[in-house]
1. What distance in nm lies between label points placed 7 Å from Cα along the C-beta direction at Arg410 and Lys892?
2. Counting alpha carbon pairs within less than 8 Å and at least 6 residues apart, what relative contact order, in whole percent, applies to segment 134-234?
3. Place the peptides 1063-1074, 511-522 in order of packing, highest mean first, counting for every residue the other Cβ atoms within 10 Å and averaging per peptide.
4. Set the Förster radius R0 to 30 Å, insert the Cβ-Cβ distance between Thr1028 and Asn1075 as r into 1/(1 + (r/R0)^6), and round the FRET efficiency to 0.05.
5. Please work out the average accessible area per residue across segment 444-520, using the 1.4 Å probe convention, and give it in Å².
6. Relative to the present Cα-Cα distance, how much length would full extension add between Gln239 and Ala356 at 0.36 nm per residue of separation?
7. Where in segment 258-285 is the amide nitrogen less than 20 Å from a point lying 7 Å along the Cα-to-Cβ axis of Ala185?
8. Using a Förster distance of 45 Å, how high is the FRET efficiency between Thr953 and Thr1125, based on the Cβ-Cβ distance and rounded to 0.05?
Amino acid sequence: MRCACACSAAPLRGGPAAATTAAGAVTAAAAAALGGRWCRVPRCPVRREGAAGREPGRRRRRRLRKAAGALKERGRAGPAAEERSGERGDPPRAPCVRCWAGSGAERRGGRAAAAAGGPATPGRRRRGGSAGAGGSTVRHGFPYQPSALAFDPVQKILAVGTQTGALRLFGRPGVECYCQHDSGAAVIQLQFLINEGALVSALADDTLHLWNLRQKRPAILHSLKFCRERVTFCHLPFQSKWLYVGTERGNIHIVNVESFTLSGYVIMWNKAIELSSKSHPGPVVHISDNPMDEGKLLIGFESGTVVLWDLKSKKADYRYTYDEAIHSVAWHHEGKQFICSHSDGTLTIWNVRSPAKPVQTITPHGKQLKDGKKPEPCKPILKVEFKTTRSGEPFIILSGGLSYDTVGRRPCLTVMHGKSTAVLEMDYSIVDFLTLCETPYPNDFQEPYAVVVLLEKDLVLIDLAQNGYPIFENPYPLSIHESPVTCCEYFADCPVDLIPALYSVGARQKRQGYSKKEWPINGGNWGLGVQSYPEIIITGHADGSVKFWDASAITLQVLYKLKTSKVFEKSRNKDDRPNTDIVDEDPYAIQIISWCPESRMLCIAGVSAHVIIYRFSKQEVITEVIPMLEVRLLYEISDVESPEGEQAPPLPTPVGGATPQPIPPQSHPSTSSSSSDGLRDNVPCLKVKNSPLKQSPGYQTELVIQLVWVSGEPPQQITSLAVNSSYGLVVFGNCNGIAMVDYLQKAVLLNLGTIELYGSNDPYRREPRSPRKSRQPSGAGLCDISEGTAVPEDRCKSPTSGSSSPHNSDDEQKMNNFIEKVKTKSRKFSKMVASDIAKMSRKLSLPTDLKPDLDIKDNSFSRSRSSSVTSIDKESREAISALHFCETFTRKADSSPSPCLWVGTTLGTVLVIALNLPPGGEQRLLQPVIVSPSGTILRLKGAILRMAFLDTTGCLVPPAYESWREHNVPEEKDEKEKSKKRRPVSVSPSSSQEICENQYAVICSEKQAKVISLPSQNCAYKQNITETSFVLRGDIVALNNSICLACFCANGHIMTFSLPSLRPLLDVYYLPLTNMRIARTFCFTNNGQALYLVSPTEIQRLTYSQETCENLQEMLGELFTPVETPEAPNRGFFKGLFGGGAQSLDREELFGESSSGKASRSLAQHIPGPGGIEGVKGAASGVVGELARARLALDERGQKLGDLEERTAAMLSSADSFSKHAHEMMLKYKDKKWYQF
């Protein structure tokens, strides 16, 4: 049965309006009349009703007809009816979001709207429980702020808990799972029910949870909340259902794991310690049972007291006291000795039957003093493990215990084996560690083979079986945070040969020296990947590195790592970096990534105002001189006040080019390092290497572009970037202006201030501009350009085309005089802007530079579009926010599309720059590229975020691209002929289409979206996305063979709109903007996928595609697999004869309700979890889930049939015996008379 509220309903018929209205505004009465199809989601507005509320059949049928008629009327009326219902005080109800949908298909708009919910009110879902709530799919990366560790030695599964209540489970590479405790409290301890498919978690809020791991999405079966005592330690013996729980008061309670209820058996602290003791022993820090006697429980108290408790007699057998506090305790497998770690850096080894003093005291890292004095105290040993082997000395493994005089030494793990001691340094603090052993039985030789060490920001696995203790190569994607992530890009449905190419060059980067053994954590099974398209994630990092990840089929694997800082000289000391002071640290941090998957061209913009263009090659090359360009991009403005009696002279109108003259590619910064008044000038922030650079296969440097200092002012950070492989151009902009570079000819084509792009069509009232010095030494001035002005051919062409005529000398003199008079005020203002940018240097890649505090109600996010209220501050901060190369109509009068660049600014203006490209091949390298503003201006509300183009059929028109080819291999003659004839890949509509309205331009800003018809430039569709917030990220993506606009707002809503009609398809509240990291990394891609950096170390992927939601269950891996438990160790003949083996304990008889009674109800509260049988049925869906359930049912049925067969055989044997005895008695008394009995 499907719900009538449309949270999981089938698509409704009746057109888009009917579907949207039906999905978003079905009333409870209408839903009640639709045949009892009730929603199972707790927070859905359509509530379930009991069977007692059912009405008689006749009345129910009447209500059904009435509700159906009302539904049809609302479908015909569309949104207007919804508005009228709102006026009557009946607000439209929002559907709950069970699994996200929304195809984005224009032809299937009604179905998408019905599945996704109406646009009026966002659907809400409580986030919590297992991963996947609210559209989340999988989480990759290292668990943020880890706090606990556990391992199942039979299932080979690793569990990690965090301080935020998260739970990460790891099996074999590719099998991972993320769960979340609803409370968000820190996980203090984890305990596996070994080989049972269950896990117990203890939280800092004194709650115990039992997780069911036998399903793909683990769920909580039971919870137990302690009300009067704080939980400090838990212990679950192997193959036992009784969990020991130690508390802060020093008491120990016992929990039945099956029912998750407390036993009446309690070990009180005052009975455990000496009666003569006057002080409290402190919290319980350790609990474990004797490996050879389950009836003896070892209890460690923080003060240094250890008690061996007899569970049967309910008294303490032995008490062991030491002066120093205890941190951990470990047993020898024979049960005759145990070892304790203390706060003074010592280890004490005790014989069970000798409580007076320890047999041995060891200070692993203490300096042994002469004259038998006690060693100097060391740092606490936080944990110790005692593991034995059959063929050698035992292992003693510990963390901490270093000497206090080792200041600055990194955290260490110490491995003591016989007489050898190995100290293994770690990069981060040690949170916890576990020794992996061959057997799960504590009373057998442990045979340790590895140590898993959980660090603060890493997971390390050490091989104990090889000399030198090498580490295993970690196959999990836990190195995302190796350097902090500063930006992120997500690409789905990439070319199929791209991932193998990246993997082949990345395989050569792998480090050596790892253990030769396979990764030992290999539990679980992979899911059935039904997604066949390749996905790639690119992350930019603070150290200047760029990582490519294979993200296909909800997995993540690093492919290739690029270090962009290799082209720069490294500063060896602080005094040697005078030019990098626009940022406090991380001068190589990646700010923007622009990548063309088809041509494999990569372009990055760094925080030090540098741009690097990379070309992919499979051949190793040595670059003698790194090509470099310096761009002087500065826009100066005057203060509001002008010199009295003087006015700024008019800007001269040159005849020549609008761009600077050619600057040959350089391998070092310009020698002009200071201006006439001693200020730093023409100096880039970073110094490019002037020595030959060896470039390995992969991405190799094509060109380095740097913005330079101007008159003592640092360059502003780059806010937008775009590269086009077909045109051979790269363009970037900041709050000063825009620059375009031909990376094939290594020349600057365009260098304009933002205002100069407007020409005479500037819609804003601006204060007078101060004339600027030429940006380059041989630069020329600029003139205003209007739409009707004829642009000369040589106006904005490549520097190779020749020189321009100089300025008039009188005009230059006037301009210089004016500059001197306003220099002080302009420099003062520039310094103020520069300081603002420097403070925001760590806040990378926001849609605009106006969001340092992320205040949604800030007036800066609701900027007025009126040209009469634009102040000098707003005008001065108009940055280039979006760039898009395309082949479309640049002007209204155009009859055919042509290459051009669309430019979006933070004031909501879109400008178009026409490109005139030379023929391909050798002519492309010789003839100039002519660049000219077209005069086309479009306006939206809010900063421009994204632009795209559609043809008349609604299909996306991608930018032109050149397919990848190897450039470092000499071309054959035939290839050269082809390259000469090679033209840019044209993606424009065919000539058979009508000339009028050939294309649609889709423009998305922070506030609204528009669809513009081209070439008429009329607004065909318009949608106000948000009024009270702003859009952080907007992308035009492909979904279900159609195109839609996906937006993520700062108020946490994710919205999708159909194209070209901009009809709302989806509006879901998912994630509020809580920090800059989310704004910096959130991105959408094709096929309904998206991601963001959920923590500094983790990437969260999500989906808004119904198809992906339906297939997700099959794609997830299985954590639990049926594995037989290893056989128990053989006791041997003599041990069995004389009772020297392990002694078992009937805990059921001891802790059961019949013998120990019931626990106090006020002590703990039992909370049933959602992960019972119903939870399993709801979570396990799809083909694989059905097969798994059928397999389990078949196993259970086979087991029951086996038991029945055994019982039947026993009954048959009993019947045969009875028949035999009856026959013998009959023969015995057959011939006897009655009186002979």
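1. The two pseudo-label positions are separated by 6.7 nm.
2. Values: 216 pairs, mean separation 18.7, N = 101.
Result for segment 134-234 is 19 percent.
3. On the way: 1063-1074: 21.9, 511-522: 13.6.
Ranked by mean Cβ neighbours within 10 Å, highest first: 1063-1074, 511-522.
4. Values: r = 20 Å, r/R0 = 0.67.
Efficiency, rounded to the nearest 0.05: 0.90.
5. Values: 3560 Å² over 77 residues.
In whole numbers, segment 444-520 has 46 Å² accessible per residue.
6. On the way: separation 117, 0.36 × 117 = 42.12 nm, distance 3.34 nm.
Gain on extension, Gln239 to Ala356, equals 38.8 nm.
7. 258-263, 283-285
8. Values: r = 62 Å, r/R0 = 1.38.
The calculated FRET efficiency here is 0.15.
The values are calculated or read from the model by the stated rules, or taken from the named source; none is laboratory data. The model shown is predicted, which means the values in this text are computed figures rather than measured ones. Neighbour counts run over all protein chains shown; Cβ positions are idealised from the backbone, glycine included. Heads up: the accessible areas ignore ligands, DNA and RNA and are worked out on the full protein's heavy atoms, side chains in. Shrake-Rupley method; radii C 1.70, N 1.55, O 1.52, S 1.80 Å.
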